[in-house]
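Student: Below is a structure I'd like to ask you about.
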Amino acid sequence: MKDDLDLSTRNRIMQMLKTSGELTAKEITDQLGITGMAVRRHIANLERDSLIESTTVRLPMGRPAAVYRLAAQAEEYFPKNYHAVALDLLAELEDEAGQSMVNLLFEKRKETLYKRYAGKMADSELEHKVAALSDIQNDNGYMTTWEKTSDDAYVLTEYNCPIAQVANKYNQACACELKLFESLLGATVSRSDCLASGDRKCVYHIRRS
């Protein structure tokens, strides 16, 4: 129960800073109605987790005080609706220019990603390329693992899809990812499981061409 209360108070502090911009520890204490010691403990934990940051300012009366505000990393804790915006834009594009233009957009995205990551695939060893691709996908939020299954075969697994809502409606996203992997790895790639199709993960089977 105490952990739930701590989490609730922590969230309230972050919401207060989100709406107010900057607050002192005293202002936070007054608004929450809890002890100053408890507020300082929450502030210390939030600073430790890089969710808030502070600067010292001079006040009209008394000693300088620390003013707290949200750090950039804290934005991840607030609701985002990017997928809905992306789906609306794709639907508008499809209505205005047709399905072929949507397909072209996904192809352009594939080309952009290839140019961005091809340099990390310069190593001629397929195993090193698979490892690099796994790191890239992890950095992009796909929760990726990989394993070697034989001398010339590998399996790369993604347990999360940051663009799942888009991929669920536009299977071009999945098709382009498969082509991107083939281009980056210079290998034959097939997919046996797909999150967008209702599976628990995306599983890519990679074999030396």
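Student: Being more than 29 Å from A86 (Cα to Cα) and among the hydrophobic types (A, V, I, L, M, F, W, C) narrows it down to one of A153, A167, A173, so name that one.
Tutor: That would be A153, the only listed residue that is more than 29 Å from A86 (Cα to Cα) and among the hydrophobic types (A, V, I, L, M, F, W, C).
Student: How many residues does region 49-79 hold that are under 30 Å from A164 (Cβ atoms) and either touching a strand residue (DSSP E or B) at 6+ places or on another chain (Cβ under 8 Å) or surrounded by fewer than 10 Cβ atoms within 10 Å (Cβ to Cβ) (or both)?
Tutor: Number of matching residues: 7.
Student: Moving to a separate point now. Tell me the residue from E94, E125 that is surrounded by 13 or more Cβ atoms within 10 Å (Cβ to Cβ), acidic (D, E), out of contact with any strand residue (DSSP E or B) (no Cβ under 8 Å at 6 or more places or on another chain) and not assigned by TED's automatic domain parsing to the domain that holds N45, please.
Tutor: E94
Student: Ok, one more. Return the residue satisfying two criteria in turn: it lies in region 20-48 and is without any contact (Cβ under 8 Å) to a residue 12 or more places away in the chain and outside any helix (DSSP H, G or I), and of such residues it is surrounded by the most Cβ atoms within 10 Å (Cβ to Cβ).
Tutor: Selected residue: T35.
Student: Would you mind telling me which numbered condition in (1) over 17 Å from L178 (Cα atoms); (2) in contact with a Pro (Cβ under 9 Å, 6 or more places away or on another chain) K148 fails?
Tutor: (2)
Student: Hey, among the residues in region 55-111 that are of a type in the set (K, R) and more than 30 Å from I13 (Cα to Cα), which one's farthest from the chain's Cα centre (by Cα)?
Tutor: That would be K108.
Conditions (1) farther than 19 Å from L195 by Cα; (2) touching a Leu at 6+ places or on another chain (Cβ under 8 Å), marked per residue:
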site	(1), (2)
L90	yes, yes
T149	yes, no
I163	no, no
A167	no, yes
Y170	no, yes
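The values are calculated or read from the model by the stated rules, or taken from the named source; none is laboratory data. As the structure is a computational prediction, the values presented were derived from the model and not from experiment. For neighbour counting, all protein chains shown are included, and Cβ atoms are generated from backbone atoms with ideal geometry for every residue, glycine included.
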